[in-house]
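The values are calculated or read from the model by the stated rules, or taken from the named source; none is laboratory data. All figures in this text were calculated on a predicted structure; none of them were measured in a lab. Every residue, glycine among them, receives a Cβ derived from its backbone with ideal geometry; neighbour counts consider all protein chains shown. With ligands, DNA and RNA removed, areas are computed over all heavy atoms of the protein, side chains included. Shrake-Rupley method; radii C 1.70, N 1.55, O 1.52, S 1.80 Å.
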Amino acid sequence: MITNSIRFKTSILYSSILLVILIFFSTYLFQAARHILYQNINEELNIKADQIVGTINAYGEVTNGKLPAMSLVREFLSDDVKVPVAQGVIDKLWEKHRWLLGAHNDFFRIVDVNGEVILQSEDLPAGAGFLLDHLLSIRAGADNYATLNINGIPFRGIRYPFTFNYRKPYVLQLVVPLTSVEHTMAKLLTVMITGIIVTLLLSLFIGSFLTRKILKPVTEVTLTASNISQKNLGIRIKDQALDHEMLLLVDSFNQMIDRLEKSFAHINEFSSHVAHELKTPLSIIKGELELALSADNAREEDRRVMMVTLEEIDRLIKIIKDLLLLAKFDYKLNIFKMERMNLTEFLHDVCRHAGVLAQEKGIRFSPLIPEEELWIQGDPVHLRRLFFNLIHNAVKFTPSCGEISIIVTVLEGKGRVSVKDTGEGIAPADQKKIFEKFYRVRKAGHEEVSGTGLGLCLAQSIARAHGGDIVFESAPQKGSTFTVIFPL
Ligand code: ADP
């Protein structure tokens, strides 16, 4: 994709906006989820503390308020249960709660009002005591919940004041690991990042697709504009099913081509009028010169000058006629009188006459035209001009003893007529230009060959007016093959 394009820039802009929205939304969602999970943990801590305190008190009642009942809490919170079975119903309850609450990974401490530790988990990690003092202070008024980081592992804790046997006040500090919450949050983060990446890629793809769709008329205008030349000013962009803004663009573009077409037609018409006006005086001069030449009393030197002038006038008249014709091809489309014609029969006739030109120069002329009928829609007068131009060129640029062949083939439903010579060929540097008006290859040290440089241009215009074209292959000193292609 081109980075300096509207398509690229809009896709990037849309995706950047979407990225910002997604980041805001995901952060909010992430924080909300964390908050909900912490709320749940708080509730869980509360229930656990409540159960522990309830059970301690129940034991207290059974053992007449003796504090050692509390040592059972340690059992409650460790895997290794050593609850005396003799305690009956309370023991069973104790054990049941222990498993129901899944408290064997938690840490606890019971402190009295002076901050003295009465009881704590046997495996309470080093440094945890300080944090419990600090964050879950035994004093009332502070927040009852806190998040602690004990040796790199996150914990959530509760400060739960209670009275034992309805007399002595104590505080239970209970912390549970946040591993499952952190695990869930990590998963959520992965899902969110993946979601953001996938959404971004999708938005880039859809954005680029939509922009391409929206900009399609612009691309069409660009393509059409680059294809337009003086020869095909009839091209217009279709304006159905376009958005309002694009419709305006396409309409003004089409109107601009309209104006261009009219201007070109006007120029062509003007040139054809000029050419026509020049032809008449030149024909008169030519007539006068011929008359003067035929007079017996003309001096030899005057005769020579008149001959040269006559040759140049002939050349001028030919150029003017060719230019007139080229101009008419461009602006008077009805100049071609198309009819159904048999191409092979027509070519036999052309070769009969053109062959004479070759034979006069001592060139072998070989028409390879099949007898079968090949029907085309064509204007015989202009097609004759086309083939005479090609054969005339072949004769001009082929030395005597060379060969010219006319080969007719049918390929992919198209008739192909090739004029092949064994002449001097065309240098690669000149090959691109030979169809241009007035282009003639000039070779140092060679005598000037007659010609106007308009023959191939005329031939190409005629072939294209028949829905075909001219292609060629040429190699210097080996020869050239000009092929006219016709739709059959
Ligand atoms: P011209 O009237 O000068 O022949 P064309 O338009 O017919 O003008 O041809 C343009 C140029 O193309 C010629 O000057 C010539 O150099 C080259 N050319 C055309 N046909 C041939 C050919 N069969 N062999 C070699 N060169 C050719």
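Remarks
- Condition check for Glu311: more than 28 Å from Asp330 (Cβ to Cβ), out of contact with any Cys (no Cβ under 9 Å at 6 or more places or on another chain), open to solvent by 100 Å² or more (accessible area, probe 1.4 Å) and not small (Gly, Ala, Ser): yes
- Any hit, segment 236-243, residues being loosely packed, with under 11 Cβ neighbours inside 10 Å, of a type outside the set (Gly, Ala, Ser), without any contact (Cβ under 8 Å) to a residue 40 or more places away in the chain and part of a helix (DSSP H, G or I): no
- Which listed residue is modelled with pLDDT of 85 or more and open to solvent by less than 50 Å² (accessible area, probe 1.4 Å), from Leu260, Leu282: Leu282
- Identification of strands (runs of 3 or more DSSP E) wholly contained in segment 381-488 with 2 or more residues that are within 11 Å of the ligand (Cβ to nearest atom) yields 414-421, 469-475, 479-487.
- Selection of first residues in segment 244-265 that are on the phi < 0 side of the Ramachandran plot and of second residues that are open to solvent by 70 Å² or more (accessible area, probe 1.4 Å), restricted to Cβ pairs under 7 Å at least 6 apart or on distinct chains, gives the following pairs, ordered by first then second residue: Asn254/Arg236; Ile257/Arg236; Phe264/Gln230.
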